Amino acid sequence: MEGEVRTAIARGITGFTFDSLSASDGTDSDSPLHLMLAAAHAVDSRFKIVVMPDIAVLGSDSDAVVEIIASVASSPAAYHLSDGRLVVSAFDAGLNSPSWWQSVINRLTSQGIHIAFVPTFLGWPATGDAFAAFSYGFGDWGAATVAGADALFNDPEIIHKTYNKIFMMPVDPQQYRPKDFLFWESGNSAAYRAAWTNSIQGDADWIQLVTWNDFSESAAIAPITDATLQRNIGTGFYNLTGYYAGWFLTGQQPQITHDVLYYFYRRELTIAAGPKQSQKDRIATGVAENNIELLAFLTSPGVLKITIAGKTYTQNAAAGMVSFKIPSQAGTPVFTLSRNGADIFSLHGGVTIYGSSGLPSGVQDLTYWSGSASKAGVCSL
């Protein structure tokens, strides 16, 4: 867990909301929650943990929720406001009534624990009015689509003006849930970039990355790899976070000081066969896309190349951030930056793309795999 904290800090992340799934988090000093609190304090006293009881799991068990929250109140790693209040969130807080939450808050207050409650909703407008009286702010779980990110753009201003509360904006790289045979179309890196940009330009107070390590829903931004352990796999969303986190935290868009290439693509088409599944994966909202993306951060103009199946596709690119997409096809892509007729450097895609017959396993994988590289060896700007 100390490694997790160091890895997060390296890309501008200042804390974790910790999704607590069990009452044991409130009673066991060796529970994941308390190990994380200890790890954060050991690594960097500025890195804070916000406890987030998961109401989808804990339900109406108020004893468990009170116990979990109370157990972190004295931890130096738990996030407290300058006035001493303990910051608390809750996943899918709207599952319980405002009166239920008011009772929980009253029980904590009777123990001398004063909280700043920032509930996370699955759609805050339906519950905002009812929770406003006892909340410090609102959070939303969002959706891993460009349209979903754009829909939240005005929410910070609305919440500031209507309720005089803070807003915790969701930033989600993707959502693919094999357990539910369901995916949301994030458009390669587009949804992640849109969510960050809308958070920054929409004046969000806090950002909640959804998520650091929920691998079961393919939503992780933590560096990951596959069985090959190639280091250019699984770093795209992670390294991209450094650029946007720097922008959000400082208020200044970072200068591009060296060339960086990122890739984002699926290992198969969304319509590919999955004969060993009981049913095919389906899209939740929107229209499925099947593209290979090369996202480039360039110090000066250049030519971007994607080579796959013996064919090279090119795009002239200006300095700055440029997204270049081509239709997905079978093979292993190679991504290249050229200038003045000479290749500067190339990045090999870490995973192979299969054709319409699907993966050899017979099971679909609609995860957007990602990677990154730079000639300088540093991928975060």
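The values are calculated or read from the model by the stated rules, or taken from the named source; none is laboratory data. Just so it is clear, the structure is predicted and the values come from calculations on it, not from any experiment. Cβ: placed from backbone, ideal geometry, glycine included. Neighbour counts: every protein chain shown. Quick note on the areas: whole protein, heavy atoms, side chains included, nothing else; ligands and nucleic acids left out. Shrake-Rupley method; radii C 1.70, N 1.55, O 1.52, S 1.80 Å.
Here are the numbers:
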item	result
Cβ pairs under 7 Å, 6+ apart, first in the stretch 203-217 and in contact (Cβ under 8 Å) with a residue 24 or more places away in the chain, second charged (D, E, K, R)	203/157; 210/172; 216/179; 217/177
Count - residues of the stretch 154-173 that are under 14 Å from residue 120 (Cα atoms) and aromatic (Phe, Trp, Tyr)	1
Given (1) surrounded by fewer than 16 Cβ atoms within 10 Å (Cβ to Cβ); (2) modelled with pLDDT under 95, index of the condition residue 143 fails	(1)
In the stretch 329-346, the residues that are open to solvent by 10 Å² or more (accessible area, probe 1.4 Å) and within 30 Å of residue 8 (Cβ to Cβ)	345, 346
Those residues of the stretch 303-316 which are open to solvent by less than 10 Å² (accessible area, probe 1.4 Å) and either in contact with a helix residue (DSSP H, G or I) (Cβ under 9 Å, 6 or more places away or on another chain) or closer than 16 Å to residue 340 by Cβ (or both), in sequence order	304
Residues being within 25 Å of residue 287 (Cβ to Cβ) and either open to solvent by 40 Å² or more (accessible area, probe 1.4 Å) or out of contact with any Asp or Glu (no Cβ under 8 Å at 6 or more places or on another chain) (or both) - total across the stretch 153-180	10
Odd one out for residue 274, checked against (1) open to solvent by 60 Å² or more (accessible area, probe 1.4 Å); (2) farther than 30 Å from residue 205 by Cβ	(1)
Only one of 128, 94 that is modelled with pLDDT under 95 and under 27 Å from residue 148 (Cα atoms)	128
Residue list for the stretch 1-20, restricted to those being surrounded by fewer than 16 Cβ atoms within 10 Å (Cβ to Cβ) and of a type outside the set (S, T, N, Q)	1, 2, 3, 6, 10
Per-region count, the stretch 181-194, residues aliphatic (A, V, I, L, M), open to solvent by 10 Å² or more (accessible area, probe 1.4 Å) and closer than 24 Å to residue 372 by Cβ	2
Filter pass, residue 78 being touching a strand residue (DSSP E or B) at 6+ places or on another chain (Cβ under 6 Å), touching a residue at least 40 places away in the same chain (Cβ under 8 Å) and small (Gly, Ala, Ser)	yes
